[in-house]
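The values are calculated or read from the model by the stated rules, or taken from the named source; none is laboratory data. Values in this document were obtained by computation on a predicted structure and should not be read as measured data. Methodologically, a virtual Cβ is constructed for each residue, glycine included, from the backbone with ideal geometry; neighbour enumeration extends over all protein chains shown. Protein only, heavy atoms only, side chains kept; ligands, DNA and RNA dropped before computing areas. Shrake-Rupley method; radii C 1.70, N 1.55, O 1.52, S 1.80 Å.
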Amino acid sequence: MAKLSPRPYKNCHHVTHEFYQNHLESLNLHPEGIVCPYCGHEYEPCHNCCPCCGLNLDEFMAGADCDDHSMPGHKPKNTCPDYLKTEPFPGKGQKYKAPPPPLIKPKYGEYIQPWNGYVPECTRKDKAVCKYLPAQTSNIKTTIYDGIEVQTNKWMTLACEEAVKSVQCGGGPFGGVIVQIDDETNEVIRYWVQHNHVPQENDPTAHAEMSVVRDACRSLGVLNLGRITKEESRLPQKGLTSHCEIYSAAEPCPMCYSAIYWARIPVLYFAATRYDAAQQGVDFSDQPLYDDICLPYRERKIKTYQCTTDNSLDAFNLWKRSEKRQY
């Protein structure tokens, strides 16, 4: 089982002393710890998704929907290790099923979007504010999404679960999953799960998509996640080539979309829209940025200057005349 580094769960508070004693024999079977493929937690093993607590670690990879039947009592917990870099989870050879089927809607006014009924408790200091912040039950969409609406799958669900965990851990409400698929067998080789770390790391670029792209590229030792050859990959794969696809809990901002583009990832799936992210109480509107980059520099929000400098082309000239790793 892949390990995350570092994830200290030696003293997980979800397990009582009595529980530990009752399961001591099972716990000792796993002295080095295990990673939960559902939430990404590592336990040694004391997290409530430990196999001795009834979780079958193979359920997720076998194609289960990861509901309360396949993972009894498992919900995201407020257990937040301080980590950025993670290692991938193994794919165990399951067939990759994507894209999901198209979303077929009845006539306008007759369609009700599925909703899991999750209404979180209000934990704001001023609880009266929450009456103005009701739970949203459907995505806000415009015509820009025409032709791309599909149903969900386990990877999209996992990305959204990671976004919830991110909020519980003090990060922004965003999560991401990258899946590596063998091109010859269409089997899942491995996958990465990450979330937003902006507040904890004081890093404005530590978005969920940026974090998971960095993890995948670092693990594989490649720059191009759209075509990974067996020869160049640091990690094993059966076929000669593979590729990655990315799932984002919310529509990526322009920075993250650019990262996905430069990583050459050919397929993007997202759930919540930019309009959902801009809603009152969420307040992550990218619209000013979309508007700004369409303007001439002289009209943009950031005061910008183009400097005429005698050495401005030196780096480019050196680059084009040197042996290098092209990307």
Rounded to the nearest whole Å², what accessible area per residue is found for segment 97-249 with the 1.4 Å probe? 55
Just add up the charged neighbours of residue 104: K/R +1, D/E -1, any other residue whose Cβ is under 14 Å from the Cβ of residue 104. -1
What is segment 119-273 by shape, rounded, prolate or oblate, if you read a ≥ b ≥ c off the alpha carbon gyration tensor as root eigenvalues and call it rounded for a/c under 1.5, prolate for a/b larger than b/c, and oblate otherwise? prolate
Roughly how big is segment 173-290's charge dipole about its Cα centre, with Cβ charges of +1 (Lys, Arg) and -1 (Asp, Glu), in debye to the nearest 20? 280
Could you sort the peptides 185-192, 104-111, 280-287 by per-residue average Cβ neighbour count (10 Å cutoff), highest mean leading? 185-192, 280-287, 104-111
Based on the Cβ-Cβ distance of residue 241 and residue 149, what FRET efficiency does E = 1/(1 + (r/R0)^6) give at R0 = 22 Å, to the nearest 0.05? 0.15
Which trypsin sites (Lys or Arg not before Pro) in segment 224-327 pass both tests, a DSSP loop state and at most 14 other beta-carbon atoms within 10 Å? 227, 230, 234, 238, 300, 301, 303, 321, 324, 325
List the chymotrypsin sites (Phe, Trp or Tyr not before Pro) within segment 137-184 that DSSP assigns to loop and that have no more than 15 neighbouring Cβ atoms inside 10 Å. none
Computed FRET efficiency, Cβ-Cβ of residue 322 and residue 261, R0 30 Å: what is it to the nearest 0.05? 0.75
Mean Cβ neighbour count within 10 Å, used as a protection proxy, ranking 89-102, 159-172 highest first: 159-172, 89-102
Can you tell me which of 307-316, 242-251, 214-223 comes out highest on packing, and rank the rest after it, using the mean Cβ neighbours within 10 Å? 242-251, 214-223, 307-316
Does segment 217-318 come out rounded, prolate or oblate by the C-alpha gyration tensor, with a ≥ b ≥ c the root eigenvalues, rounded set by a/c under 1.5 and, if not, prolate when a/b is larger than b/c and oblate if not? oblate
Computed lengthening from residue 116 to residue 309, 0.36 nm per intervening residue step minus Cα-Cα distance: 63.7 nm
Full-extension gain in nm, residue 87 to residue 130, via 0.36 nm per residue minus C-alpha separation: 11.7 nm
